Amino acid sequence: DAARGHIAVSGACTGSIVGLVAITPACGFVQPGWGLLIGIIGAIIVYCLLLLKRYMRFDDTLDVAVVHGCGAH
């Protein structure tokens, strides 16, 4: 969000949730550095999908469907 100039608390909260959702399936099998990398990659992917959400035809007020549906896979 900072790169686009739109800093918001909801964006920071969503980013941390995405990192946790992305690492949960592998949390017992990876080292902390790899866990951080998985969280960052997951956050980048979900951020791009959230930018495209305005073109999708569904109501997702808190970004729950995108974060949990795409962030965990």
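The values are calculated or read from the model by the stated rules, or taken from the named source; none is laboratory data. As the structure is a computational prediction, the values presented were derived from the model and not from experiment. Here the Cβ positions follow ideal geometry from the backbone for every residue, glycine too, while neighbour counts run over all protein chains shown. All accessible areas refer to the heavy atoms of the entire protein, side chains included, with ligands and DNA or RNA removed. Shrake-Rupley method; radii C 1.70, N 1.55, O 1.52, S 1.80 Å.
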Hey, among the residues in segment 53-72 that are within 15 Å of VAL21 (Cα to Cα) and in a helix (DSSP H, G or I), which one's most open to solvent (accessible area, probe 1.4 Å)? HIS68
Contact list, first residue from segment 1-15 and under 17 Å from LEU49 (Cα atoms), second anywhere and among the acidic types (Asp, Glu), beta-carbon distance below 6 Å, six or more apart or interchain, is GLY11/ASP1; THR14/ASP63
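Going by what's in this entry, would ALA43 be described as within 16 Å of GLY69 (Cβ to Cβ), within 15 Å of the chain's Cα centre (by Cα) and small (Gly, Ala, Ser)?
So ALA43 passes the test.
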Out of all the residues in segment 11-52, which are open to solvent by 80 Å² or more (accessible area, probe 1.4 Å) and part of a helix (DSSP H, G or I)? LEU20, THR24, PRO25, PRO32, TRP34, LEU36, ILE40, ILE41, ILE44, ILE45, LEU52
Does THR24 count as free of Cβ contacts under 8 Å to residues at least 40 places away in the same chain, polar (S, T, N, Q) and more than 17 Å from ASP1 (Cβ to Cβ)? no
